[in-house]
1. Using amide H atoms built 1.01 Å from N in the peptide plane, name the residues 5+ places from residue 51, or on other chains, whose amide H lies under 5 Å from its own.
2. Starting from the Kirkwood Rh over alpha-carbon pairs, what translational D in µm² s⁻¹ does segment 1-71 have by Stokes-Einstein at 20 °C and 1.002 mPa s?
3. From the backbone phi of segment 36-52, what are the Karplus-calculated ³J(HN,Hα) couplings (6.51 cos²θ - 1.76 cosθ + 1.60, θ = phi - 60°) in whole Hz, Gly and Pro given as x?
4. Report the accessible area of residue 189, computed with a 1.4 Å probe over the heavy atoms of all protein chains in place, in Å² rounded to the nearest 10.
5. Enter the accessible area of residue 67 (Å², nearest 10), with the probe set to 1.4 Å and all protein chains included.
6. In whole Hz, with x marking every Gly and Pro, tabulate ³J(HN,Hα) for segment 226-233 from phi via Karplus 6.51 cos²θ - 1.76 cosθ + 1.60, θ = phi - 60°.
Amino acid sequence: MSGVLIHLPQGSGDAVTLRLGPGESARFGRGSETTPVELRLVDAAISRLAGEIRVTDDHWQLSNHSTTQSYLVENPEGAGEYLRVPPRRAGAPIPFEFSRVVLPTRGDATVAFQVFAPDHVYLDPAATGGRGSPTVTAYSLDETAIYFLVLVALCEPRLRDESPVAVPTTPEIVDRLAGLPGCAQLTARAVSSHIDYLADEKTRISAPAETGPGRGPRRNGKREALVGLALRFGLVREEHLALLPPRAGGGEGAAPGRLLGK
């Protein structure tokens, strides 16, 4: 396992994206000068030290330091599955590949952040009863996940032979996916986090060196490397274009019911 990616969007706190490796942890809460936290959540109903995320070898755990409040861990890409982590619960194992940690507040809106978990490992079906280590999938992609839709949108121009070089920008991907269930609230920062997750955790590509204050060349290089790998190894194919909504003025059909169904 190479670690997890944590994304705190603007509005729930100070926007931040963290990567944790096995054995590492990050604390979250309102924080203070005497209680520093890696994820600062801005709401008076949240404890200064609300909880902690710890990464193990094959999953991640959530500890709830509150004495009164339960936290929810939702699976945004499932069929409504969630876990409730009660007060003072330490080291609750989280099974979802993509999770949304939700903390209650006194206002109308909750405070939440996202956690992208490690690849799930599956046994080789032809190796049952055999000796030695199991065979694992080189590129483990969930075709019902939003990150896969982002990858399909990145690959779409080349699959349609519209551009041999250019890849869509983040705003273009947001607009392209906006018509799909579960993507109406997709933000540019969330798309960038999905791209980072695909590149760093799912495909483990080597991106170009970071340059410039805006990191534009690095981001573009990562996108191009992702598209190149996905098309070379057939991770995204022409039939996957049906996952995207129809384009204005085009006859391409989509399969909107296919998005989140298991």
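1. Counting only residues 5 or more places away or on other chains, the set is 28, 65.
2. 170
3. x, 9, 7, 10, 8, 9, 9, 7, 5, 7, 9, 4, 4, 10, 7, x, 8
4. Near enough 110 Å² of accessible area.
5. Number for this one is 100 Å².
6. 4, 4, x, 5, 4, 7, 5, 9
The values are calculated or read from the model by the stated rules, or taken from the named source; none is laboratory data. Just so you know, these numbers come straight off a predicted model, no measurement behind them. The protein model used for the area step is the full one, side chains on, heavy atoms only, and it has no ligands, DNA or RNA in it. Shrake-Rupley method; radii C 1.70, N 1.55, O 1.52, S 1.80 Å.
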